[in-house]
Amino acid sequence: MSVIEFPGAEPVEIEWAQSMIDEVQGRAFRDLEGEVCDLERMGQIAQDLIVQCVAREDGYRELELSTFAVTELAKMLRDFKCRYYKRWDGELVGVS
């Protein structure tokens, strides 16, 4: 329970039921699903494209760095999507 004070007014008590909080958080969590899947797919597309690149003779270092970055991004996005669904299914709780 919390008290909100407005200048010149009596304090108003607001009580949020845990079910209301769970509903709001659950809706926000569900709304992320499309974005999570889009991010993971974009990481996979970037990884697939970088693998198809042909290194120029003078661009080996840049290709090496971009390949590393895209591969790590794709891995991080896959892991994020996996944790998202584990939380959705109740298999994972808390922060990771």
Check your understanding: Residues in region 38-73 that are closer than 21 Å to Lys86 by Cβ and either surrounded by 14 or more Cβ atoms within 10 Å (Cβ to Cβ) or at pLDDT below 80 (or both): how many?
Key -> 5
Revision key, fill the gap. The number of residues in region 27-85 that are over 23 Å from the mean Cα position of the chain (by Cα) and of a type in the set (S, T, N, Q) is 1
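The values are calculated or read from the model by the stated rules, or taken from the named source; none is laboratory data. This is a predicted model, so every value here is computed, not measured. Positions of Cβ are backbone-derived with ideal geometry, glycine not excepted, and every protein chain shown enters the neighbour counts.
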